[in-house]
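The values are calculated or read from the model by the stated rules, or taken from the named source; none is laboratory data. Predicted model only: the values in this text are computed from it and were never measured. Here Cβ is always computed from backbone atoms with ideal geometry, including for glycine, and neighbour counts include all displayed protein chains.
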Amino acid sequence: MSKTVLVTGGGGYIGSILVQDLLSHGYDVVALDRFFFGKETLAELASNPRLSLVEKDIRDVDESDLEGVNAVCDLAALSNDPSGEIDIDLTYEINYKGRARIARLAKAAGVQRYILSSSCSVYGSGGSNRLDETFPTAPLTTYADSSLKAEESILALADRTFSATALRNATVFGISPRMRFDLVINLMTLHASEKGMITVMGGGRQWRPLVHVRDVARAFRNVIEAAKEQVSGQVFNIGLASFQIRSLAYIVRETLPFLVQIHIAPDDHDKRDYKVRFDKARELIGFDAKISIEDGVREVYEALKLGRVEYTTRTVTVDWYRSILDAKALIDRVELDGRIL
Ligand SMILES: NC(=O)c1ccc[n+]([C@@H]2O[C@H](COP(=O)([O-])OP(=O)(O)OC[C@H]3O[C@@H](n4cnc5c(N)ncnc54)[C@H](O)[C@@H]3O)[C@@H](O)[C@H]2O)c1
């Protein structure tokens with residue numbers, strides 16, 4: 001009998017690729033999401049009888065959503081640092097308490113495995129130390145802090161019957177049906193293609209780990225398929241390698257078939273700087289990221305050229321959430337006034 005995986009945030013940048021990966025490897029999948037970025041992100045998979053969509057806020061999930069589920073991949077969240085600062089309480093409600101609650105419900109419902117999509121940003125500013133999973137965390141933002149609190153509360157649930165794992169994903173790149181141009185490689189490729197120029201903020205010596213979106217999806221599947229003793233209660237850094245931001249700009253420039261200028265700007269409000277090691281995932285679950293930065297750049301460039309992806313408000317997470325909140329505020333005002341503009 002095939003296994004059922006509940007993917008929260010299944011309509012998102014990573015989620016829509018993970019759903020595709022799981023279906024193609026024989027799993028039944030339930031994609032649960034508010035679908036803030038639309039259901040179109042799963043349109044190509046919608047006719048697959050092994051996929052069901054549940055449009056729901058993770059804070060409203062109940063036992064019935066977990067019936068018959070073998071594993072939960074918990075990806076729903078306000079998914080980056082600037083989005084996490086729009087409404088700090090809401091970020092803790094969703095990214096920390098919402099996900100911790102899903103894990104508790106999953107355990108109570110007899111789900112065997114739970115995997116949290118956490119982030120390497122919990123390391124904050126570890127600089128050029130090569131950070132493994134034992135290195136002290138130092139979250140710099142609400143987003144990172146809420147991820148760390150979710151990790152702590154969820155991993156404490158792990159026991160003989162319930163396997164709980166946190167994946168600290170590196171910054172992701174590559175093409176997805178829910179495209180994001182607020183991620184460094186995707187954005188550099190966009191700017192190089194459209195302006196012939198990449199601007200590197202903060203001097204560019206800061207370290208950032210990277211990973212392709214299809215590799216992240218495979219990492220989730222690896223954890224679902226690994227022996228429980230190897231993954232339960234564990235944290236894994238998931239990534240290809242760490243790069244200084246300015247060297248990424250040079251890779252993007254070398255990969256593209258036209259002239260690109262690089263401008264290094266001294267300041268950046270983003271103080272994240274972390275050089276991460278990925279040995280543990282390789283040693284314990286045999287996970288190795290395979291897709292190179294160059295392949296990701298080519299893929300994004302080709303998609304831009306063919307008009308398959310474009311830079312819009314919706315592809316910049318913080319802009320999209322702000323526009324949704326503005327629209328909601330407007331509707332609330334109209335309802336309060338009792339009249340239609
Ligand atoms: N993309 C990256 O570089 C990266 C890196 C590290 C960790 N992560 C983590 O991976 C996860 C997925 O990231 P992503 O890049 O796919 O982001 P995304 O914004 O594309 O996807 C998140 C999904 O969650 C949904 N969502 C948000 N709040 C919800 C709620 N309250 N109830 C139900 N659904 C809700 C959104 O509609 C969206 O489809 C997040 O937890 C993120 O923090 C992402």
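How many residues does the range 39-73 hold that are surrounded by fewer than 11 Cβ atoms within 10 Å (Cβ to Cβ), assigned to a helix (DSSP H, G or I) and of a type outside the set (D, E, K, R)?
Residues that pass the stated criteria total 1.
Restricting to the range 117-140, name every residue that is hydroxyl-bearing (Ser, Thr, Tyr), closer than 23 Å to Val223 by Cβ and part of a strand (DSSP E or B).
Hits for the range 117-140 are Ser117, Ser118, Ser119.
Which of the residues that make up the range 171-185 are outside any strand (DSSP E or B) and touching a Phe, Trp or Tyr at 6+ places or on another chain (Cβ under 8 Å)?
If the condition is that a residue be outside any strand (DSSP E or B) and touching a Phe, Trp or Tyr at 6+ places or on another chain (Cβ under 8 Å), then Ser176, Arg178, Met179, Arg180, Phe181, Leu183, Val184, Ile185 are the ones that fit.
Using the structure shown, decide if Asn237 is of a type in the set (S, T, N, Q) and not in a helix (DSSP H, G or I).
yes
Residues checked against (1) farther than 14 Å from Gly98 by Cβ; (2) hydroxyl-bearing (Ser, Thr, Tyr); (3) touching a residue at least 12 places away in the same chain (Cβ under 8 Å):
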site	(1), (2), (3)
Asp21	yes, no, yes
Ser24	yes, yes, no
Ala31	yes, no, yes
Ala43	yes, no, yes
Ala46	yes, no, no
Glu63	yes, no, yes
Asn80	yes, no, yes
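State all residues of the range 260-291 that are modelled with pLDDT of 95 or more, assigned to a loop (DSSP other than H, G, I, E, B) and closer than 17 Å to Arg246 by Cα; if no residue qualifies, say none.
Listed by number, the list holds a single entry, Val260.
Here is a list: Tyr114, Tyr143. Which entry is touching a strand residue (DSSP E or B) at 6+ places or on another chain (Cβ under 9 Å), in a helix (DSSP H, G or I) and in contact (Cβ under 8 Å) with a residue 12 or more places away in the chain?
None of the others qualify; the one that does is Tyr143.
Does the range 298-326 hold any residues that are at pLDDT 95 or above, away from the ligand (no atom under 16 Å from the Cβ) and part of a helix (DSSP H, G or I), and which are they?
Arg298, Tyr301, Glu302, Ala303, Leu304, Lys305
If you go through the range 208-233 one residue at a time, how many are in contact (Cβ under 8 Å) with a residue 12 or more places away in the chain, away from the ligand (no atom under 15 Å from the Cβ) and hydrophobic (A, V, I, L, M, F, W, C)?
3
Give the residue, chosen from Asn70, Asn95, that is in contact with a helix residue (DSSP H, G or I) (Cβ under 9 Å, 6 or more places away or on another chain) and either over 28 Å from Leu325 (Cβ atoms) or among the acidic types (Asp, Glu) (or both).
Going through Asn70, Asn95 in turn, the sole match is Asn70.
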